[in-house]
Amino acid sequence: MLEVVHSWGLCMLKYESLLENLDEQIEAILPRQVMDVGREDYGGFVSDGIAGATNVSAISTLGYAYLLEGGRYYQSEEILARILAGAAFARKIRRPSGCFDLITTNFDSSPDTGFLVEGLAPVVRAARKAGDDGAEQIAEVLGEIIQTAAPGMIAGGFHTPNHRWVLVAALSQALELFPDLDGMDTIESYLAETIDNNADGEYIERSAGTYNAICNRALRLAADALNRPQLLEPVRRNLDLSYHMLHADGTVVTSFSRRQDHGTRVVLVNMVDSYYDMARREENGFYAAVADWLYSISPGGLPWALEPFLTHPEWRVDNLKREPLPESYAKVYPTARLWRVRRRKTSATAGAGITSPFGVKHGDVELASVNLCASYFSIAQFSGETFEEVDGKIRMTHVSSDGGRPGYDLPLGREVAFEEFYNLRKERDVYSLPPLTTALEIKEVDSGFNLHVKSEGYDRVPFQIACDFVPGGELDFDSGIVRGQAAEVAFLKSGYATYHIGNDAISIGPGAYAHRFWALRGSESAPTAFRVLLTFTTPVDHMLEIRCGTWSVVVTSVLPESGYRRCRQRRPW
């Protein structure tokens, strides 16, 4: 379905291929629409047993199918009838404000209405240009939904940071289509807050798997509708960052996310529209190559992946020369406090401010997190408060202190009423103990990484290094083999262990065994991971060696990618 155009194996994103996938998506949508005129939910799209308001967004997908020449449903009378039925359902169930409900949580919701309007507006714009009678009907009925929704979006507010830019995009497109509408003051009020995108290209939600794409799309659409190209600058920064957060299989690092995509496996196909749009408008072969690659891995992201072609029909012919994508790099993002390393199929991430300070993926094997914790007053789960690059090494530190802790509250010497106990805590003197300081230093070495862990400040405190692997592999060590299953825990007492899936392998070691706490108090659990523990008591000074390579069933060890050399059964290198 995708044409190979480069000797290095990349497939070119083609309008015709996108149409084929759109046709398949329409086939999946049609059975979900209620077309019995005798039903109350006639015209609605059923999901989770109910035709909810936000399912109305499926109308935009039908609109693409009707308007895009070359598709199976181009100018289809059946699709037109279904669009008109869906619009009638939308008019029936919208709130008096013109807004719609997200029935799982948000009611009379201006931001969720913004998502809907943002998707309908390109269809209305293209329908106005199409000229046929069916397209005129589409423009009229969907345009009415946009017009009626505008006052509700103006009066309503938002919940999360990305909602602001979705509302800006929706309102700016509404005003572009209907210049007599109010709303510019609201747009200016949102934009006055400035875009939450730092110097490294990171949005405040850090949502690489979901909301980065939503912000980029909204800012692109707003930039065009408002004729403000400066809104594209944060999009460029985030697209550059996002590529360097990708693994070799197209999945993106989500361990830093503050949203529901945290820790999930996401191929970044939801960014194809922004990469491709920015590629064509700026003749950027790098962005185009990223769009090609992501879509070839996971064909999807529709209808948004087709929006650039709907809005710019001239882009359906694509002669833009692609640039090769770098497969080897090490990049530090000091503002975001991130470090990314990619060496072909191996990629690693280190970062501050989260409890998963390091992770590495090699092919099908993923050490999702190396995390550190002590049982010190349940405040010693490592989360780097400092982050710096020194001589090619990344250094982070964590100081275990929390208000009056570590320590103990002392008596007030007067009556403490039942209901005042917690309010009076701030008035108490404290018997203090010294903080526990943990330092993590990470260095890239041949075929892997060395992690130097030091923890000191108070002695005889139980401490652990937890290596959390994605389940599905096997762990081989000197005298045994363990299946890597979710929620299972193994101790690596000494020596080295190799976790492998197929031919891909990651080894860790040397092990350590100073205690047998399966779940150290104050540590985060890992119910979806296979955890390998190294245990200590403070002070700790340990070098954890992590190596990536090819699993050999002959020598039951991992062979380094840089040549099958120096392999020994006990110590991989």
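The values are calculated or read from the model by the stated rules, or taken from the named source; none is laboratory data. Everything numeric here is computed off the predicted structure, so don't read it as measured data. Quick reminder, even Gly has a Cβ in these numbers, built from the backbone with ideal geometry, and neighbours come from all protein chains shown.
Take the residues in the stretch 263-287 that are touching a residue at least 40 places away in the same chain (Cβ under 8 Å) and either in the same structural domain as ALA218 (by TED's automatic domain parsing) or within 11 Å of the chain's Cα centre (by Cα) (or both), then tell me which one is nearest to GLU314 (Cα to Cα).
By that ranking, first place goes to MET271.
Among the residues of the stretch 469-504, what is the count of those that are in contact with a Pro (Cβ under 9 Å, 6 or more places away or on another chain) and of a type outside the set (Ser, Thr, Tyr)? Steps first, answer last, please.
Of all residues in the stretch 469-504, those in contact with a Pro (Cβ under 9 Å, 6 or more places away or on another chain) come to 483-488, 492, 494-496, 498.
From what's left, of a type outside the set (Ser, Thr, Tyr): 483-488, 492, 495.
Final tally of qualifying residues: 8.
Of the residues that make up the stretch 112-120, is at least one surrounded by fewer than 18 Cβ atoms within 10 Å (Cβ to Cβ), closer than 15 Å to ALA135 by Cβ and hydrophobic (A, V, I, L, M, F, W, C)?
First, the residues of the stretch 112-120 that are surrounded by fewer than 18 Cβ atoms within 10 Å (Cβ to Cβ): none.
No: zero hits.
Out of THR355, THR311, I need the residue that is polar (S, T, N, Q) and either within 20 Å of the chain's Cα centre (by Cα) or at pLDDT below 95 (or both). Which one?
On the way: THR311 fails: either within 20 Å of the chain's Cα centre (by Cα) or at pLDDT below 95 (or both).
So the residue among THR355, THR311 that is polar (S, T, N, Q) and either within 20 Å of the chain's Cα centre (by Cα) or at pLDDT below 95 (or both) is THR355.
Quick check on PHE286: is it in contact with a helix residue (DSSP H, G or I) (Cβ under 9 Å, 6 or more places away or on another chain) and more than 25 Å from GLY119 (Cα to Cα)? Even if it seems obvious, please write down each step before you answer.
Details: in contact with a helix residue (DSSP H, G or I) (Cβ under 9 Å, 6 or more places away or on another chain): yes; more than 25 Å from GLY119 (Cα to Cα): yes.
Taking the combined requirement at face value, the residue satisfies it.
Return yes or no: is ALA291 among the small types (Gly, Ala, Ser), closer than 18 Å to GLU16 by Cβ and either in contact with a strand residue (DSSP E or B) (Cβ under 7 Å, 6 or more places away or on another chain) or buried (at least 21 other Cβ atoms within 10 Å of the Cβ) (or both)?
It is true that ALA291 is among the small types (Gly, Ala, Ser), closer than 18 Å to GLU16 by Cβ and either in contact with a strand residue (DSSP E or B) (Cβ under 7 Å, 6 or more places away or on another chain) or buried (at least 21 other Cβ atoms within 10 Å of the Cβ) (or both).
Matching residues to (1) touching a strand residue (DSSP E or B) at 6+ places or on another chain (Cβ under 6 Å); (2) modelled with pLDDT under 95:
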| site | (1), (2) |
| --- | --- |
| ASN319 | no, yes |
| SER328 | yes, yes |
| ASN371 | yes, no |
| ALA374 | yes, no |
| ILE379 | yes, yes |
| THR386 | yes, no |
| ARG405 | no, yes |
| ARG414 | no, yes |
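Residues in the stretch 327-347: is at least one surrounded by fewer than 16 Cβ atoms within 10 Å (Cβ to Cβ), polar (S, T, N, Q) and within 23 Å of SER207 (Cα to Cα)?
Checking the stretch 327-347: at least one residue is surrounded by fewer than 16 Cβ atoms within 10 Å (Cβ to Cβ), polar (S, T, N, Q) and within 23 Å of SER207 (Cα to Cα).
Out of the stretch 197-216, which residues are in contact with a helix residue (DSSP H, G or I) (Cβ under 6 Å, 6 or more places away or on another chain), closer than 22 Å to SER298 by Cβ and either hydrophobic (A, V, I, L, M, F, W, C) or touching a residue at least 60 places away in the same chain (Cβ under 8 Å) (or both)?
ALA213, ILE214, CYS215
Out of (1) crowded, with 20+ Cβ neighbours inside 10 Å; (2) in contact with a strand residue (DSSP E or B) (Cβ under 9 Å, 6 or more places away or on another chain), what's the single condition that is false for SER172?
The number of the failed condition is (2).
Residues of the stretch 362-414 being touching a Pro at 6+ places or on another chain (Cβ under 9 Å), not polar (S, T, N, Q) and not in a strand (DSSP E or B), which ones?
TYR376, PHE377, ILE379, PHE382, GLY384, PRO406
Residues checked against (1) under 30 Å from TYR15 (Cα atoms); (2) free of Cβ contacts under 8 Å to residues at least 40 places away in the same chain; (3) charged (D, E, K, R):
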residue: ASN55; (1), (2), (3): yes, yes, no
residue: GLY86; (1), (2), (3): yes, no, no
residue: ASP101; (1), (2), (3): no, no, yes
residue: GLU118; (1), (2), (3): yes, no, yes
residue: GLU136; (1), (2), (3): yes, yes, yes
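Looking at the stretch 200-226, which of its residues are part of a helix (DSSP H, G or I), among the small types (Gly, Ala, Ser) and closer than 11 Å to MET271 by Cβ? Talk me through it step by step, then tell me what you get.
Here is the first cut: in the stretch 200-226, the residues part of a helix (DSSP H, G or I) are 211-226.
In the following step, the residues that additionally are among the small types (Gly, Ala, Ser) were identified as 213, 218, 222-223, 225.
Selection gives ALA213 alone.
Can you tell me which residue in the stretch 199-233 is surrounded by the fewest Cβ atoms within 10 Å (Cβ to Cβ), limited to those that are closer than 18 Å to ARG337 by Cα and touching a strand residue (DSSP E or B) at 6+ places or on another chain (Cβ under 9 Å)?
Here is the first cut: in the stretch 199-233, the ones closer than 18 Å to ARG337 by Cα are 199-208, 212.
Now restrict to residues that are touching a strand residue (DSSP E or B) at 6+ places or on another chain (Cβ under 9 Å): 199-204, 208, 212.
On the way: ALA199: 10, ASP200: 18, GLY201: 23, GLU202: 25, TYR203: 24, ILE204: 15, ALA208: 28, ASN212: 31.
The extreme case among them is ALA199.
Test ALA526 against the criterion of being of a type in the set (A, V, I, L, M), surrounded by 16 or more Cβ atoms within 10 Å (Cβ to Cβ) and either at pLDDT 95 or above or part of a strand (DSSP E or B) (or both), and give yes or no. If you could, list the steps in order and put the result at the bottom.
Values: of a type in the set (A, V, I, L, M): yes; surrounded by 16 or more Cβ atoms within 10 Å (Cβ to Cβ): yes; either at pLDDT 95 or above or part of a strand (DSSP E or B) (or both): no.
Here the answer is no, as ALA526 does not meet what is asked.
Given the conditions (1) of a type outside the set (A, V, I, L, M); (2) part of a helix (DSSP H, G or I); (3) touching a strand residue (DSSP E or B) at 6+ places or on another chain (Cβ under 8 Å), report the number of the one that GLN25 does not fulfil.
Only one criterion in (1) of a type outside the set (A, V, I, L, M); (2) part of a helix (DSSP H, G or I); (3) touching a strand residue (DSSP E or B) at 6+ places or on another chain (Cβ under 8 Å) is unmet by GLN25, namely (3).
Could you tell me which of the residues PHE536, PHE517 is touching a residue at least 40 places away in the same chain (Cβ under 8 Å), among the aromatic types (Phe, Trp, Tyr) and part of a loop (DSSP other than H, G, I, E, B)? Please lay out each step first, then the result.
Values: PHE536 fails: part of a loop (DSSP other than H, G, I, E, B).
After applying the criteria, what remains is PHE517.
Each row is one residue, and each column tells you yes or no for (1) more than 24 Å from GLY363 (Cα to Cα); (2) surrounded by 11 or more Cβ atoms within 10 Å (Cβ to Cβ); (3) more than 26 Å from the chain's Cα centre (by Cα); (4) among the charged types (D, E, K, R).
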position	(1), (2), (3), (4)
GLU388	yes, yes, no, yes
ASP409	yes, yes, yes, yes
ASN423	yes, no, yes, no
PRO434	yes, yes, yes, no
SER447	no, yes, yes, no
ASP459	yes, no, yes, yes
PHE477	no, yes, yes, no
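Okay, residues lined up against (1) closer than 28 Å to ALA514 by Cα; (2) in contact with a Gly (Cβ under 6 Å, 6 or more places away or on another chain); (3) crowded, with 18+ Cβ neighbours inside 10 Å:
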{"residue": "VAL399", "(1), (2), (3)": "yes, no, no"}
{"residue": "LYS426", "(1), (2), (3)": "no, no, no"}
{"residue": "PRO462", "(1), (2), (3)": "yes, no, yes"}
{"residue": "GLY473", "(1), (2), (3)": "yes, yes, yes"}
